[in-house]
There are 2 protein chains.
Amino acid sequence: MIRIGIDAMGGDYAPENVILGVIDAYSHIGSDTKIFLIGDQEKITEVCRHYGLDSGNFVVIHASQTLGMGEHPVSAYLHKSDSSVSVGFNKLVEGEIDAFASAGNTGAMLTGSVMTLKTLPGLLRPCISAQIPLADGKNMLILDVGLNTDTKPAMLYQFAILGSIYAKTMMGIENPRVALLNIGTESKKGTVSAQEAYRLMSNTSEFNFVGNMEANVMFSGGIADVLVTDGFVGNVCLKQAEGMYEMISRLGVRHPFFGRFNYEYYGGTPVLGVTAPVIIGHGASTPLAIRNMILEAEKAVKNQLVDKLKNAMLCQ
Amino acid sequence: MIRIGIDAMGGDYAPENVILGVIDAYSHIGSDTKIFLIGDQEKITEVCRHYGLDSGNFVVIHASQTLGMGEHPVSAYLHKSDSSVSVGFNKLVEGEIDAFASAGNTGAMLTGSVMTLKTLPGLLRPCISAQIPLADGKNMLILDVGLNTDTKPAMLYQFAILGSIYAKTMMGIENPRVALLNIGTESKKGTVSAQEAYRLMSNTSEFNFVGNMEANVMFSGGIADVLVTDGFVGNVCLKQAEGMYEMISRLGVRHPFFGRFNYEYYGGTPVLGVTAPVIIGHGASTPLAIRNMILEAEKAVKNQLVDKLKNAMLCQ
C-alpha cells in the first residue's frame, strides 16, 4: 500500500482546493494508494458539507494548527508543533505515511524536510527542482531552483547525480544528459565555482555530462535532460519563465507551447535528497495542481525514488 | 563636433551591414556628427562598388587586420595590433574619435575597453548593460550582463550608481528607481553577497534604491528603472529572454510587446565605467542595429555620459 499525506490547510485556497484535488486524484491513483488529509477536522468537515461531499470518504489526520503563508518558516514550523505541516513531517518520519505534499508555506516545508526528515547520508545539501517545457515536446529538469544560494562546486556535482536519477526514475529518460548552466559553452567560462563544477563533471562516469548550456537555448530542446545550477540562478530562471508565461497569458497570446508552462501540470516541486518524498506545491494551487501533486508523490513512492537517491549517495 | 568610430569589420555580416547601417545613420545624426569607418580600405571600397555607393562619402581609417568572431579575445586583441578593434581603441584613447562601436568579437571589445581605455578612477570594475522592455511601455536597464561573474557587494553597489546615471542621462528618467535582483523581496534573501549589497544600497543617498526585485516581475514594469545583478545572473537573464523571444518568433507568435525584445532597436550593449563611450553590438547586427548603435554612441557623447559617470566615481 502507498500512503500519501497531503496538507489540507496548505495553499491560498485551502482547504477547498485541496479537498477538490483529492477527489479528482481518487479516479487516477492506484487501488492500493491511500490519501491522508492532514489538517483541521472541523474545517474539512465544513468544506465537505458545503460541497455536498461525504466527509467519511476522507481519511483525516487531525492537526489543530495552521501555518500562514506569511509566517516566518522556521519559527512557525518549530513553535506550531500541531500545525498540519509539522504533523505531516512527523507522520512521515514515523512511517505512518510514505510521502508528504503541501501547497503551503514553502519555507516551512523546506525546514521540515531538512530538520525533521534529514539529508541523505553522503549528500552535502538537498535541493529543489522543477521541470521546464522544451520546444521539442519534452521536459527538462532544472535544479537547484532555490534551496541553496551560495553553492560549492561539489554541491553542484551532487545535484547532477540527484537530477540524473530523478530524470531516469520519474521522467523515464534512459541515460539523462546533464548540462551545467553557464554563460558560455567553453570550460573556462563563468564563475570560479562554475569552472570547478565543470571540471568535476567532465571527469565523472556517475552521470552523462554534456557540457555547459547557455540560457538562450534553455527551451530549445535536444541538448540536455537535466540542467544544473545553484539555487539563486535556478530560482531566477524559473521565476523569469513564470513571469514570461504570466505576461504571455495576460497579453492574450495562446499557443500550445506556452500552455505547457502552466505549473498545474507539474503538481509541485520535489525536494530531492531528503529521507522521504516531499513535494511542495504552488501557493495558488488549483484542484488540478493538487491532483498532480498527489500523483507525483504516488509515483515517487512506487518508483522508489528516495531509495535510488540514497543508494547513489552511498555508492559515491 | 562629435566623432563616432565604427568598426567596419565587426559582426557576422561585415562590412556590408556596417556600411548600410552607416548610410542609414547619416539621415538621423546631427549635422555636426562625423562617422569614421575603421577597417580594411580595400574591402570597404569593394562593398561600396557592389552597392553602387560612392566610397568617397565615407571617412575611412584604414586597419589592415580583422579579428574573427571565434578568435581568443585577449590574445587576438594584443597580437593583431592593426586590427580594426585595436585601431579603434587607439584612436579613441588618442582623442581622434569620441566614441567607438563594434558588432565584432565581444571579448576583444571588452579587452580593449579595460586594457586600452582603463577603468574610471574610483570604480572597482566596469560592467555592461542592456535594456529590457517592460509591459508598461517603458524600458529597464539591467546590469551587469556579463563582464563580472564573481562580484563583490561593493561592485554591485557601484553598478547601481553607473546604472542610475545611465538611466538619467540616456533614458531620460528623472530619479531612476534602482532594484537589486534577488530571490525574495526581504532584505535577508539570497546569497551572502546579495544580502550585503542590499544593506549597502538601503543605506545610501547616492541613488534611489527601491529594494529587491524577483525575476517573475522583471517585465511587469512599475517597480524599477535599473536592475542590478552580477554578470553571471544578468547574462543568464538576458540570454533567457533572448531565447524566449527567438522561440516566440519561431512559433509565429506576433505581438507588439515581444517585438520590443528585438535587439536591433537597442543598437548594442554600452560598456559602462571606462574612460570613453564604447558600444558592443550583436554579432548578427543588421543595418538597423548598426544605425541604432551609432545613434546611441552619438547620444552618449552629446549627453556627456562618461563625464557624468567619472564625476560620480570621484564624488563617492
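Per-structure values
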item: Selection count where residues are part of a strand (DSSP E or B) and either within 12 Å of chain B (Cβ to nearest Cβ) or at pLDDT below 95 (or both), scope the stretch A:217-227; result: 1
item: All positions within the stretch A:77-102 that are out of contact with any strand residue (DSSP E or B) (no Cβ under 7 Å at 6 or more places or on another chain) and buried (at least 21 other Cβ atoms within 10 Å of the Cβ); result: A:77, A:86
item: Enumeration of residues in the stretch A:1-18 that are modelled with pLDDT under 95 and aliphatic (A, V, I, L, M); result: A:1, A:14
item: Given (1) over 30 Å from residue A:19 (Cβ atoms); (2) at pLDDT below 95; (3) of a type in the set (Ser, Thr, Tyr), index of the condition residue A:202 fails; result: (2)
item: Total residues in the stretch B:111-123, condition touching a Phe, Trp or Tyr at 6+ places or on another chain (Cβ under 9 Å) and crowded, with 17+ Cβ neighbours inside 10 Å; result: 5
item: Selection within the stretch B:39-73 - crowded, with 17+ Cβ neighbours inside 10 Å, free of Cβ contacts under 8 Å to residues at least 40 places away in the same chain and polar (S, T, N, Q); result: B:65
item: Filtered residues of the stretch A:185-213 (kept if surrounded by 16 or more Cβ atoms within 10 Å (Cβ to Cβ) and out of contact with any helix residue (DSSP H, G or I) (no Cβ under 9 Å at 6 or more places or on another chain)); result: A:210, A:213
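The values are calculated or read from the model by the stated rules, or taken from the named source; none is laboratory data. Not measured: the values here are computed from a predicted model. A quick note on method: Cβ atoms are made from the backbone with ideal geometry, for glycine too, and the neighbour counts reach across all protein chains shown.
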